[in-house]
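**Q** The structure that follows is given in the form of structure tokens.
The values are calculated or read from the model by the stated rules, or taken from the named source; none is laboratory data. No experiment lies behind these values; they were computed from the predicted model shown. Please note: Cβ atoms are built from the backbone with ideal geometry, for glycine as well, and neighbour counts cover all protein chains shown. With ligands, DNA and RNA removed, areas are computed over all heavy atoms of the protein, side chains included. Shrake-Rupley method; radii C 1.70, N 1.55, O 1.52, S 1.80 Å.
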Amino acid sequence: MTDTLAYDYVKMLLEEEFLHTYLRFSNNGILHYELTNILEICAPLIKGLDEDDRFLRYEVTGTIADYLQED
């Protein structure tokens, strides 16, 4: 998965699974910053994997949830 696709994928998951947080980040002007942080944490999961893999979705969603709990 390319960096652009990975960024868009993580953004889509954040918006779909964590809408309240997505909107808060967007309204506060920190969405790009937070997505970049999440993407850095998710990089080992995403590297070389297919975005249609449902297990990838579960793993990335779980990683995002863990990240948000630390916040």
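**Q** Out of the range 20-35, which residues are open to solvent by 90 Å² or more (accessible area, probe 1.4 Å) and part of a helix (DSSP H, G or I)? So that I can check it myself, show each step before the final result.
**A** Step one: of the range 20-35, the residues open to solvent by 90 Å² or more (accessible area, probe 1.4 Å) are 20, 24, 27-28, 32-33.
Scanning the range 20-35 gives His20, Arg24, Asn27, His32, Tyr33.
**Q** Let me ask something additional. State the number of residues belonging to the range 44-67 that are within 13 Å of the chain's Cα centre (by Cα) and exposed (fewer than 14 other Cβ atoms within 10 Å of the Cβ). Let's see the steps before the verdict.
**A** Quick first cut of the range 44-67, residues within 13 Å of the chain's Cα centre (by Cα) only: 44-46, 51, 56-67.
This time we only want the ones that are exposed (fewer than 14 other Cβ atoms within 10 Å of the Cβ), so: 44, 58, 62, 65-66.
Selection size over the range 44-67: 5.
**Q** Out of the range 36-60, which residues are assigned to a helix (DSSP H, G or I) and acidic (Asp, Glu)?
**A** Within the range 36-60, the first condition is being assigned to a helix (DSSP H, G or I), and the residues that meet it are 36-46, 54-60.
Hits for the range 36-60 are Glu40, Glu59.
**Q** Of the residues Glu70, Glu16, which is open to solvent by 60 Å² or more (accessible area, probe 1.4 Å), modelled with pLDDT under 95, farther than 18 Å from Thr4 by Cβ and not aliphatic (A, V, I, L, M)?
**A** Values: Glu16 fails: modelled with pLDDT under 95.
Exactly one residue qualifies, and that residue is Glu70.
**Q** Against the condition without any contact (Cβ under 8 Å) to a residue 12 or more places away in the chain and outside any loop (DSSP other than H, G, I, E, B), how does Tyr7 come out, does it pass?
**A** Working: without any contact (Cβ under 8 Å) to a residue 12 or more places away in the chain: no; outside any loop (DSSP other than H, G, I, E, B): yes.
When the stated conditions are applied, Tyr7 does not pass them.
**Q** Identify the residue in the range 1-13 that is of a type outside the set (Phe, Trp, Tyr) and either more than 15 Å from Ala65 (Cα to Cα) or exposed (fewer than 13 other Cβ atoms within 10 Å of the Cβ) (or both) and, among all such residues, is modelled with the lowest pLDDT. Write out each step before concluding.
**A** Restricting attention to the range 1-13, the residues satisfying the condition of being of a type outside the set (Phe, Trp, Tyr) are 1-6, 8, 10-13.
Remaining after also requiring either more than 15 Å from Ala65 (Cα to Cα) or exposed (fewer than 13 other Cβ atoms within 10 Å of the Cβ) (or both): 1-6, 8.
Numbers: Met1: 67, Thr2: 76, Asp3: 80, Thr4: 85, Leu5: 86, Ala6: 89, Asp8: 93.
Here the residue is Met1.
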